[in-house]
Amino acid sequence: MSSSTQVSGTGVVAPPDSTGISIIVVGGGFGGLSCAIECKRKGHSVVVLERVPGLHIQGDVISFGPNAGRIIQRWGLHDKIWELCRHVDKLVLHNYLGEIVREQPLPLPLWGAWGYDGHRAEMHQVIYEYAVSLGIDVRFGYTVQEYYEDDAGSKAGVRVEAKGEVVSMEADLVVAADGVKSKARKYILGYDDKPRSSGYAVYRAWFNGQEQGVDTDPLTDYLTKGEDAFFGWIGRDVHFLASSAKGGKEISWVITRKNDFEVTDNWSFPGKMEDVLAVVDGWEPRCAATLAKAPSCIDWKLIIHDPLPTWISKSARVVLIGDAAHPFLPTSMQGGSQAIEDGVVLAVALQLAGKDNLPLAVQAWEKIRYLRVRESQLIGEDVRNRWHRCQPGDRGPMLDVPRPEWLFAFDAEVNAYEVFESVARDIRENGYNRPVLPPELAP
């Protein structure tokens, strides 16, 4: 297949179930739904299993870069999601004393695509409704207990508890998009991959600014001047970001600080405001005033995993995507975007390889994705380190959030059509090998 013919598949919706490939996606978050959408658009049959009993509002801010935005635009969802988002053209960054140290321009569109920052639940609702409009079967209240593959390596399945019964479901491929606690991680690796503390935690909140008096307090009305705003304070091993959306009506903030904690099965807890305010003791008064407006907040412990040696099972019939494969620090602002890219590339690889070559498709997908994901992850570590080590005299572009062309101008769908055949050929000729990180990308 020529390169021009391959790229011509970009954005084309294939006839329903035309590939004959059946897929179970475990997890109905952004990664799982995006994977299901792209699989449906590429002609695969797909069902989504979600543990929670129904769609519900939760979470706060999430960001999608232009690399994911161009996929969302291709789905025709720009207008619906854009109206939910924060609209700002710069990040105003201060040191902890309140001195402006950098005003970073944030132009959009960038490299031909939009980025989106808004409430996680509202944007998830739009993507969920789009998935349902395509005829995707999303089943709530299905808790996966076990992943498996048959002895012949021709099918994969899950054992799920639903409606008080335990049943088995099988497909050609099972995609685990159910987060860092996914049982598929142990199934694929053969051991428990224990998370560890990053040494940091985040207090985070989202609330109605008018109800909390943000617009009437001279220390906080900088967020409600009739338009959206995006402000930050950095230094003393802390960074604090505050922003507004919907014309300054809705407020969100996140503050990351050092926190040595013991990793348990839960890393999200109710935050205590007295502890939040203690973090900014001695900082510019606007910081404490803004934080104190939140009626409640979440204390979210940042756990980390070393890069997994593989994302795919021995028979290549069970795969990890999104946070199940590669969790991100929030300072990367790429966790959701890379999960969307995962699903797009997997759907293309399956389409091009065909049902009879499904393991080859999955192996090629991993090879296409692995290094790009790792490079994206490292951006989060870099931003955190520069902001947290900022000295009062530091100024200028050295404090910018990176927006590199290799990351934001990338079109995962186009690239998959372009490179799949050469990657697949290499695997056919030389065999499959697990990915290897070069020293500069190793943890």
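Overview of results
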quantity: Output for region 285-316, where each listed residue is surrounded by fewer than 18 Cβ atoms within 10 Å (Cβ to Cβ) and among the charged types (D, E, K, R); calculated: D306, K314
quantity: Condition met for S34 (surrounded by fewer than 24 Cβ atoms within 10 Å (Cβ to Cβ) and in the same structural domain as A176 (by TED's automatic domain parsing)); calculated: no
quantity: Of all residues making up region 159-208, the number that are part of a loop (DSSP other than H, G, I, E, B), more than 24 Å from D342 (Cβ to Cβ) and of a type in the set (K, R); calculated: 1
quantity: Within region 164-184, considering residues that are farther than 16 Å from C35 by Cα and among the acidic types (D, E), the one nearest to the chain's Cα centre (by Cα); calculated: E170
quantity: Options V345, V401; residue that is assigned to a helix (DSSP H, G or I), in contact (Cβ under 8 Å) with a residue 24 or more places away in the chain and not aromatic (F, W, Y); calculated: V345
quantity: Extreme residue, surrounded by the most Cβ atoms within 10 Å (Cβ to Cβ), among residues of region 210-220 that are closer than 18 Å to A288 by Cβ and under 31 Å from the mean Cα position of the chain (by Cα); calculated: V214
quantity: Hits in region 205-221 - residues which are farther than 18 Å from M273 by Cα and of a type in the set (S, T, Y); calculated: T216
quantity: Any hit, region 61-77, residues being of a type outside the set (A, V, I, L, M), surrounded by fewer than 18 Cβ atoms within 10 Å (Cβ to Cβ) and assigned by TED's automatic domain parsing to the domain that holds A347; calculated: yes
quantity: Check on D411, surrounded by 20 or more Cβ atoms within 10 Å (Cβ to Cβ) and charged (D, E, K, R); calculated: yes
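The values are calculated or read from the model by the stated rules, or taken from the named source; none is laboratory data. Treat the numbers as computed from the prediction; the structure is a model and nothing was measured. FYI the Cβ positions are ideal-geometry reconstructions off the backbone, even for glycines, and counts take in every protein chain you see.
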